[in-house]
Amino acid sequence: MLLLRDAIDNLSSIPVESTQRIFDFCLREALLKIQSSDFYSAGMILNLIHNLPLTIEKAKSWDVAYFFIDRINYFLEISN
């Protein structure tokens, strides 16, 4: 949990604003899931965000459509 808190506290070090916002929401949600011993859901949330672009260069070549069509759809299917 300490690592997630540290990550939340250091989001400003990520130059990609959209990634910062998604991480902020998802890391906080994952932390809440861990605190309530819902490790499966926490893992699903972290799996969803683990490939988000962390640099401007990566963001320029990142496939946003793939993320929204495939990854989020998959996340929603298995979360239900």
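Worth pointing out:
- Tally, over the stretch 3-30, of residues that are in contact (Cβ under 8 Å) with a residue 40 or more places away in the chain, in contact with a Leu (Cβ under 7 Å, 6 or more places away or on another chain) and more than 25 Å from residue 78 (Cβ to Cβ): 2
- First in the stretch 31-58 and more than 19 Å from residue 74 (Cβ to Cβ), second anywhere and hydroxyl-bearing (Ser, Thr, Tyr) and crowded, with 16+ Cβ neighbours inside 10 Å, Cβ under 8 Å, 6 or more apart: 54/19
- Elements of type helices (runs of 4 or more DSSP H) in the stretch 13-80, at least 3 residues being within 25 Å of residue 2 (Cα to Cα) and not basic (Lys, Arg): 17-35, 39-49
- When every residue of the stretch 5-15 is checked against the conditions, none turns out to be buried (at least 16 other Cβ atoms within 10 Å of the Cβ) and hydroxyl-bearing (Ser, Thr, Tyr).
- Any chance residue 18 is more than 15 Å from the chain's Cα centre (by Cα) and surrounded by fewer than 14 Cβ atoms within 10 Å (Cβ to Cβ): no
- Counting only residues that are part of a helix (DSSP H, G or I) and more than 13 Å from the chain's Cα centre (by Cα), the stretch 1-12 holds 6 of them.
Read-outs: derived from the displayed coordinates by stated rules, not from any lab. All of these numbers come straight from a predicted model, not from anything done at the bench. Quick reminder, even Gly has a Cβ in these numbers, built from the backbone with ideal geometry, and neighbours come from all protein chains shown.
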